[in-house]
Amino acid sequence: MTIEDRDQIQTVRLSVLGMRCAGCVGAVEGALRAVPGVASADVNFADHTALVSGGAEIDALKAAVREAGFDAAVMEGLEDLGGQESQEDARYRSLLNKSRVAALLGVPLMLGAHLSWFPELGTLAGSRFWFVVSLLTLGVMVYSGGHFYRGAVKSFKLRQANMDTLIALGTGAGWLFSTLAIDFSDILPAESKHAYFEAATIILAFINLGSALEMKARGKTSAAIRQLIGLQPRTARVVREGLEIDVPIADIGLGETLRVRPGEKIAVDGVVLEGHSSIDESMLTGESIPVEKSAGAEVIAGTINGSGSFLFQAKRIGRDTLLAQIINSVRQAQASKPGIARLVDKVAGVFVPVVVGIAALTFLIWLAFGPSPALGYAFVTAMTVLVIACPCALGLATPISIMVAVGRAAQKGILIRNGDALQSAGKLSCVVLDKTGTVTEGKPSVTSIEVVEGFDAEGVLRLAASLETGSEHPLAGAIIAEADRRGLQRVPIDIFQAVSGRGVQATIEGHSVLLGNQAFMDENGVDTGELSGRVGALAKQGQTPVLFAADGKAVGLIAVADPIKADSAAAVSKLKALGVRVLMVTGDNLVTAQAIAAQAGITEVRAQVLPQDKAAVVKELQGLGEVVGMVGDGINDAPALAQADVGFAIGTGTDIAIESGDVVIMRGSLLKVADAMSLSRATVLNIKQNLFGAFIYNTLAIPVAAGLLYPAFGLLLNPMIAGAAMALSSVTVVTNANRLRSK
């Protein structure tokens, strides 16, 4: 069955088993990309998964991974992470057991060697004792290190080298050297005149323990995904044939009616039919305040009901729910690679072969120029180089930080759709904001009602709402909504006529009435009197005045405006504090645009710009050297979002346009843009810290392991210390990345 056959989904996610270093990433990616029909393949070493796009057969993908020396399983449903987690837990316990077994033999051998408990090499008692130790060590190596040796053999057959190669060569050579030394101890230097069985076992103990600790720490990075998956209930209460029954969520069909009781999780996306409650949407939006829901309101799968009870109709189920889309978006972002990660993968791909070469060169140099007995020195230094140079920390440095950051962003209501956006957001020098629905609420509302003497505000509003009944104009909707909020009843109208771009006129209770703009009043010879001065003043404030006239005289004015969001001004201030230039680009007229911009603290405005021309504005700014972020509603602003270096799509509830931007702001708060930029900067700094630590570690450790300090100071690095340092370097990288969870 091809990927296209799977409900036309073009991307398959594989859990890859057996990867132990950055070199494995290149091997798996190369194997997958060689499969016919594969368009792209990205392997994430941090969570041991691969994201493959194209039309290849799944069996072919799994076979390719197996041929590369690993194993793979398809991850399809939302519960797959649970299965992967149980596998990881079993692997964790196995690694701990292997570490314990190696330590049980290695620690006594290490103590005995330092305290001179054991007979010396070259004696009859020594030969017998160390022969038994050699057999015991071999058994420990098979149990605690068998996976490394098998991996090394598979890599060798594929003409590749990875972490397994280094460990197998180092510990295998240690055992072989020590076994031979039982009968040939005379060739060893004084500093190394003992068997290195404890080194081989302690190295395996440290590496297995380090891998277990790394796995435990890595488990925290998928906490965001697990929390999102945990939001989905197993069952839901469905109303069928008048009865309420509990069914698995997989059995819920489109259009079915569901009952939600107090404290329950909502199973699928839908629309409230009956009842009222408040919904906690914090895990999806990052907003802690519950949202009130009544008939007609949308509810989202995974959110938590408050104290009320209601019925709703299922509108989106399974993979189509917003929760499923969010999980998929987070997974894809965690698997994607920014430019810095792709560079590190290339470096890691050649690192292991280079290390093997350095170890061989070290051996030859010590053999040729080292003090007597040179062979012993050559062996010790070469083994230490192999052990200490494992590039685990290098391979984890970037993906582990990306996983934590993307998960943390999702918890805050920010969906980062790819690694490049995460890397680029912190570099923005200029942010372009759309006005309607971005800086403003996007929903016009009545801000004030003014009337001439002898008329009352509610009377004018009641007649205006009666005139606008049935109109789809945004201003009409605002007037009707305000009348409904006040509980005003409509009155019957006669001889109704709408004039496009001007207003409406009709006869109500024998009176000729008009509702519209100033131009409409002028055309009909209406005397606006004392209200005329307010028209211009309101327009300068960014509000739209709608005049109401009766029998040729204006008697009332209804001001309608799209108010700015409560946090827009604070968000603009925060962006400026980050050193970012802020512009507002809108299709509205200049007067209104400037009024809104002033309220939000924006000084640069481009008005009367058509949606299709906003991309040209972004391109113009890029031409001036700006790194541009575009913030828009994700639909009308799609060209500009695509043109920008980072596109921020503003989403509201389930109308979110996830495919429109590189970053999706779930609840439309501009503060999230600044949060995304701050998180990006923190992530890039975290990645650089990880890479610096990994590169510095290898850069300094390899020369020391090769014996660079020996001529001047007489110092050689012990292979056991090298094994501990290599293992702990990976744990350090993972621990540092997890600091992003507090951002």
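The values are calculated or read from the model by the stated rules, or taken from the named source; none is laboratory data. Quick caveat: nothing in here was measured; it's all calculated off a predicted structure. When we count neighbours, we look across all protein chains shown, and the Cβ atoms used for this are built from the backbone with ideal geometry, even at glycine. Ligands, DNA and RNA are stripped out before the accessible areas are found, and what is left, the full protein with its side chains, is counted by its heavy atoms. Shrake-Rupley method; radii C 1.70, N 1.55, O 1.52, S 1.80 Å.
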Inset, instruction - Go through (1) under 30 Å from Ala638 (Cα atoms); (2) loosely packed, with under 15 Cβ neighbours inside 10 Å one by one and return the number of the condition Gly487 breaks. - result: (1)
Legend entry - Residue in the range 435-447 that is on the phi > 0 side of the Ramachandran plot and either buried (at least 22 other Cβ atoms within 10 Å of the Cβ) or touching a residue at least 40 places away in the same chain (Cβ under 8 Å) (or both) present: yes
Legend entry - Which numbered condition Lys427 fails, given (1) more than 30 Å from Asp613 (Cβ to Cβ); (2) open to solvent by 30 Å² or more (accessible area, probe 1.4 Å): (1)
Inset, instruction - Quick one: in the range 606-618, of everything that is more than 30 Å from the chain's Cα centre (by Cα) and open to solvent by less than 40 Å² (accessible area, probe 1.4 Å), which residue is farthest from Leu575 (Cα to Cα)? - result: Val609
Inset, instruction - Report, by residue number, each residue of the range 163-185 that is within 21 Å of Ala725 (Cα to Cα) and open to solvent by less than 10 Å² (accessible area, probe 1.4 Å). - result: Met163, Asp164, Leu166, Ile167, Gly170, Thr171, Gly174
Legend entry - Lone unmet requirement of (1) surrounded by 19 or more Cβ atoms within 10 Å (Cβ to Cβ); (2) modelled with pLDDT under 85 for Ile721: (1)
Legend entry - Hits in the range 12-25 - residues which are at pLDDT below 75 and either closer than 28 Å to Arg319 by Cβ or part of a helix (DSSP H, G or I) (or both): Ala22, Gly23
Inset, instruction - State which residue is nearest to Leu104 (Cα to Cα) when the search covers only the range 118-139 and only residues that are in a helix (DSSP H, G or I) and either of a type in the set (Val, Ile, Thr) or modelled with pLDDT under 80 (or both). - result: Thr137
Inset, instruction - For the range 69-116, enumerate the residues that are under 14 Å from Val133 (Cα atoms) and at pLDDT below 80. - result: Leu109, Met110, Gly112, Ala113
Legend entry - Residue tally, condition of a type in the set (Gly, Ala, Ser), in a loop (DSSP other than H, G, I, E, B) and over 30 Å from Ile495 (Cα atoms), over the range 414-471: 2
Inset, instruction - Return only the number of the condition from (1) in contact (Cβ under 8 Å) with a residue 40 or more places away in the chain; (2) open to solvent by 10 Å² or more (accessible area, probe 1.4 Å); (3) within 30 Å of Ser512 (Cβ to Cβ) that Gln411 does not satisfy. - result: (3)
Inset, instruction - Return yes or no: is Ala41 open to solvent by less than 30 Å² (accessible area, probe 1.4 Å) and modelled with pLDDT of 80 or more? - result: yes
Legend entry - Boolean, Val35 is modelled with pLDDT of 75 or more, under 21 Å from Gly419 (Cα atoms) and in contact with a helix residue (DSSP H, G or I) (Cβ under 6 Å, 6 or more places away or on another chain): no
Legend entry - Members of the range 238-272 found to be part of a loop (DSSP other than H, G, I, E, B) and of a type in the set (Asp, Glu), listed by number: Glu241, Glu256, Glu264
Legend entry - Selection count where residues are in contact with a Ser or Thr (Cβ under 7 Å, 6 or more places away or on another chain) and modelled with pLDDT of 85 or more, scope the range 552-561: 3
